[in-house]
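Let me give you the structure first, and then I'll get to my questions.
No value in this document is a laboratory result; all are computed from the given coordinates. Computed from a predicted structure; not experimentally measured. Virtual Cβ from ideal backbone geometry, glycine too; neighbours counted across all protein chains shown.
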Amino acid sequence: MSDLRPTNDTQHRSTVPLCAATGAATGSAQWFLEKRGEDEKTPVFHHNNLRLYICGEETFKQIATDIRRAQHSIDLVCWGFDPAMELTRETADQWPRGDTWGDLLLGAAQGKFNNGKPVNVRLLVWYDFIGSAAVNNMPGYKTESLYERSKPGLLFPPSPSERDRREIFNSHWYRDVVAGKQNALSLRTRGGVHDDVMTSLRSEASMNGLGRIERLGFEYLATHHQKTIVIDYEGDKPCGYVLGLNSVTDYWDTTAHKFDDPRRGKSWEGANDAEPGLKPYQDYGCRVEGQVLAAVCKNFTEAWNKAEGNGKGAGSNVSREFNLKATPANLTRNLVAPHQSAQILRTLPATDGSEKSIHRLYNHAISFARHYLYVENQYFQHAAWVKELKRLRGEYLAGFQKGKLGMADVPKLHVMVLTPTPERKQMVPRTHDTVTELGHGSSMPNQTKLVEEEIARYDAVQEARRRSRDPLMIPPPQPLSSIAQAYKDAGGGKDDEMARKALEGQFAMRSLVASLWTFDTNWQTTQRDRLAKLDGWKKSANYDPNSPGYAGGINYIKDLENQLLKARYREIYIHSKLMVIDDSMFTLGSANLNLRSFAVDSEINIASDDPVTAKNLRERVWGQHTDGKFAGGVATDQTVMAETFKNWRREAYKNFKKKALGEAPSCFLVAFHDDRASSIRLG
C-alpha cells in the first residue's frame with residue numbers, strides 16, 4: 001500500500017494499492033474542499049446541470065430569456081446595477097437597443113411575461129456613499145437627471161437628448177422602486193463592513209506587506225462584490241447564475257471583441273471615457289440548475305434579510321429554510337444526464353459568517369496541477385499565491401525523488417496567465433511582485449528600475465559601512481520598502497530568461513503572462529482625417545523628417561505618427577475571474593486573484609471537477625484568444641501541451657512586436673507589458 005499524505009490541511013489522507021511489479025500507484029485527485037467542520041457550510045453537490053457562457057452577449061441574452069420565463073421569483077445580488085443597461089442588443093442605433101434590465105424586471109413584477117401574474121423581484125446591490133460615488137455603480141440612484149435639474153419650470157423645455165432620456169429612465173426607475181410604486185419589485189442595498197476588514201487581514205500571510213494607504217483602502221472601501229441570480233427557487237423549473245459580469249452597461253460585449261462595436265454603447269453610457277465608444281470586455285457566466293442552487297439561494301436569502309431597507313420599496317424579509325444536506329426535490333426534477341458536481345465558494349466578512357473558501361480552494365486546487373494551469377483574471381496581484389504554487393510544486397518533485405525518479409520523468413507544468421494592464425498606476429507594484437515570481441519582471445521595466453535603484457542605494461550604504469574602519473560613523477540605511485523587499489524575495493535582479501530557466505529547472509514549470517488586444521482593421525477609414533492631415537504636413541515645402549522638433553520643441557509629425565500607431569490597437573479589458581486546471585476542474589465567479597477578493601470584499605465563485613465541461617470551456621476560450629489556431633487539443637498530453645505553450649508564447653511575443661509597429665496581429669494574444677512605475681501600492 002502507498003500512504004498518500006496531504007500537503008496541506010484541505011486534502012484528505014488516502015491509502016491506495018501499490019503495484020508490486022511496477023511500484024506504481026493510482027489515486028484520484030480531490031479538487032473540492034471537503035474538510036469536516038470547516039467545509040460543511042460549502043458542501044459539494046453532485047446533481048447539477050452547468051452551462052458556461054463567454055462574454056456579455058451570450059450570458060445576458062440567456063438571462064433575459066430566463067427572466068421572461070419566471071413564474072414565482074427573481075432574486076439578484078449585484079455589485080452594481082444600471083436599469084438602462086440593455087441585456088439584448090439587436091441594433092446599433094440609439095439607446096435603448098434592446099431589452100433593458102429595468103424594463104425586464106419591471107415587466108416580470110407586473111406579470112407581463114406570466115399571464116398577468118406578478119413575479120416577486122428582489123434586487124440587492126452594494127452601495128456605499130464614498131465608494132459608489134467613485135465608481136458610479138448605481139447610475140440614477142438617489143439623483144435626478146441633469147436634464148431635470150437644469151430645466152426646472154421651463155414652459156417650453158428643449159427635447160431631451162439620448163443621454164438625457166437614459167439618465168431620466170434610471171432616475172425615475174430607482175425613484176419609483178424605492179417609493180414602493182412597483183408592488184412586486186423590491187430593492188435593498190448593503191455597504192462594506194469596515195470593522196471586519198482588519199480582523200480578516202490579520203490572518204493573512206501577506207498582511208505584512210501592506211502600506212498605510214493600501215490598508216486604509218481595504219478598511220474603508222470594502223465592497224460587496226458578489227453577482228448571482230436565482231429564478232423560481234420554489235418553482236417547477238428553478239435556475240440561477242454565478243457571474244463575473246457586472247450588471248452595468250460596460251460589461252456587454254461579444255466574443256469577437258471588435259475594435260469598435262456600436263452595440264457596446266457610447267463612452268458616456270459607462271465608466272469608460274475612451275473613444276470610440278465603450279471598450280471590449282472579456283468575462284464569464286455560469287448558468288446552474290440542480291442542488292447547487294440551494295447554496296446560491298441561501299447566500300442571497302441571508303444577505304437580503306440582513307440588508308438595509310430604504311423606503312416603502314424595500315420589501316419584506318424572505319422566509320426560507322435551508323438544509324444543504326437534503327436539498328428540495330424540485331431542484332433536480334428537470335435535470336438531464338450527465339450531471340456535473342459543483343461547489344459554491346465565498347469570501348465573507350465576520351458578521352456574515354467569516355468565510356474564506358475561495359482563497360482556500362485556489363491554494364488547494366493548484367496542488368494537483370500537472371500539465372497546465374490557466375488563469376485569466378482582472379487582477380493578477382497575489383505573489384503569495386505564486387509562492388504557494390512553487391512550494392507545492394517542490395513537494396511534488398520531492399515525491400519523485402523519493403521514488404527514485406529523475407526530473408526527466410516529471411511532467412512540465414505550463415502556467416499560462418492572461419491579465420490586463422492594471423487599471424491604476426498604484427496597482428503596478430503588486431502586479432510586478434506577482435509576475436516577477438514567474439520570471440516576467442522585465443515586462444514592467446520601469447517598476448523594475450525603481451526598485452532596483454532603491455536596492456542599489458541600500459546595498460551601497462551597507463557596503464560603505466562594511467569597508468569603513470569605523471562603521472558607526474556611517475548611519476545605517478533606511479530599511480527597504482515592502483515593494484523592494486518583495487522584489488528581492490522573488491529573486492529580482494536576475495535576467496528574466498535566467499529566472500524562467502531556473503523555474504523550469506527547479507520546479508519543472510514554464511510560464512507565460514499575456515494580455516488581450518484587438519485591432520482596427522478599418523484604421524485607414526476610421527483615421528482618415530488624421531491621415532490626411534499627416535499627409536498634408538509631409539507634403540509641405542518645409543518638411544524635414546530629421547528635424548528634432550517644431551513648435552516648442554515638439555515634432556508634431558512624429559507625435560501624430562505615434563498616435564496613429566497606438567490608435568490601431570485597443571486593449572480587451574479582462575474582467576474575468578477564471579481558473580482551469582488540466583481539463584479536470586475550473587472555477588469562476590466574482591473573485592479576483594488578489595488580497596482584496598481573498599480576505600476583504602464579499603465574493604462568490606462556483607467550482608466544478610467535471611472534466612467534459614472543463615475541457616469544453618478550455619477549448620472554447622483558447623480558441624477564442626488564438627483565432628481558432630491553438631485551442632490545445634489533448635492538453636493533458638505532455639507533447640501536445642508543450643507545443644501549444646510554444647505556439648502561445650511565439651504568437652504573444654510576435655504580436656507584441658507587431659503592436660509596436662502598428663501591424664495587424666495574428667490573434668488577440670499580446671505579451672504583457674506596462675511601462676508605468678509606482679512607489680505606492682493599492683490592491
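Mind listing the phi-derived Karplus ³J(HN,Hα) values for the stretch 85-100, rounded to whole Hz, using 6.51, -1.76 and 1.60 with θ = phi - 60°, and x for any glycine or proline?
5, 8, 7, 10, 9, 8, 10, 10, 7, 5, 4, x, 8, x, 5, 8
Between the DSSP loop rule and a limit of at most 14 other Cβ atoms within 10 Å, which trypsin sites (Lys or Arg not before Pro) in the stretch 279-309 are left?
none
If you don't mind, another one. If the chain between SER159 and THR143 were fully stretched, how many nm would it gain, using 0.36 nm times the residue separation less the Cα-Cα distance?
3.7 nm
Could I ask something else about it? Quote the convex hull volume per residue of the stretch 366-500, based on C-alpha atoms, as a whole number of Å³.
Output value, Cα hull per residue: 141 Å³.
Taking a cut-off of 19 Å between Cα atoms, list the aspartates and glutamates near LYS449, but don't count ones fewer than 8 places away on the same chain.
Once the sequence-local aspartates and glutamates are set aside, what remains near LYS449 is ASP433, GLU437, ASP459, ASP489, ASP495, ASP496, GLU497, ASP674, ASP675.
Rank by packing, highest mean first: peptides 453-465, 592-604, with packing defined as the count of other Cβ atoms within 10 Å averaged across residues.
Most protected by this proxy first, the peptides run 592-604, 453-465.
When TYR569, TYR241 are ordered from fewest to most other Cβ atoms inside 10 Å of their Cβ, what list results?
Starting with the residue having the fewest Cβ neighbours, the order is TYR569, TYR241.
Based on other C-beta atoms within 10 Å, arrange HIS432, HIS46, HIS359 from fewest to most.
Ordered by Cβ neighbours within 10 Å, fewest first: HIS46, HIS359, HIS432.
Of the peptides 248-255, 516-523, how do they stack up when ordered by the mean number of other Cβ atoms within 10 Å, highest first?
Top to bottom by mean Cβ count within 10 Å: 248-255, 516-523.
How big is the Kirkwood radius of the chain, worked out from every pair of different alpha carbons and given in Å to one decimal?
Final number for the Kirkwood radius of the chain is 27.3 Å.
Moving on to the next point. Among ILE557, ILE680, rank each residue by its count of other Cβ atoms within 10 Å, from fewest to most, as a rough exposure measure.
The fewest-first ordering by Cβ neighbours comes to ILE680, ILE557.
Now, a different point. Determine, for each peptide in 400-408, 530-538, the mean count of other beta carbons within 10 angstrom over its residues, then list the peptides with the highest first.
530-538, 400-408
For the chain, what does -39500 (n - 2.57) per DSSP helix run (n ≥ 4), summed and divided by total residues, give at 222 nm, in deg cm²/dmol to the nearest 500?
-10500 deg cm²/dmol
Give the share of C-alpha pairs in each 5 angstrom bin for the stretch 456-522, from 0 to the last occupied bin, in whole percents, shortest bins first.
Over the stretch 456-522, the share of Cα pairs per 5 Å bin runs 3, 12, 14, 13, 11, 12, 10, 9, 7, 4, 2, 2, 1, 0 percent.
Can you pull out the chymotrypsin sites (Phe, Trp or Tyr not before Pro) in the stretch 274-328 whose DSSP state is coil and whose Cβ has at most 16 other Cβ atoms within 10 Å?
Answer in residue order: PHE322.
How large is log10 of I(q)/I(0) for the stretch 490-541 at q = 0.23, 0.30 Å⁻¹ when the intensity is taken from the Debye formula with one equal scatterer per alpha-carbon?
Calculated log10 I(q)/I(0) at the listed q: -0.93, -1.07.
Let me know the charge dipole size of the chain about its Cα centre in debye, to the nearest 20, where only the beta-carbon of Lys, Arg (+1) and Asp, Glu (-1) is charged.
Value, rounded to 20: 540 debye.
Give the Kirkwood hydrodynamic radius (Å, one decimal) of the stretch 1-111, defined as one over the mean of 1/r across all pairs of different Cα atoms.
By the Kirkwood definition, the hydrodynamic radius is 19.1 Å.
Pairs of Cα atoms under 8 Å, at least six residues apart: use those to get the relative contact order of the chain, whole percent.
Relative contact order here is 17 percent.
Step through the table entries LYS412/LYS615; LYS533/LYS659; LYS412/LYS654; LYS142/LYS266; LYS412/LYS577; LYS279/LYS425, compare each Cα-Cα distance with 30 Å, and write down the pairs that go over it.
Violating the 30 Å Cα-Cα cut-off are zero pairs.
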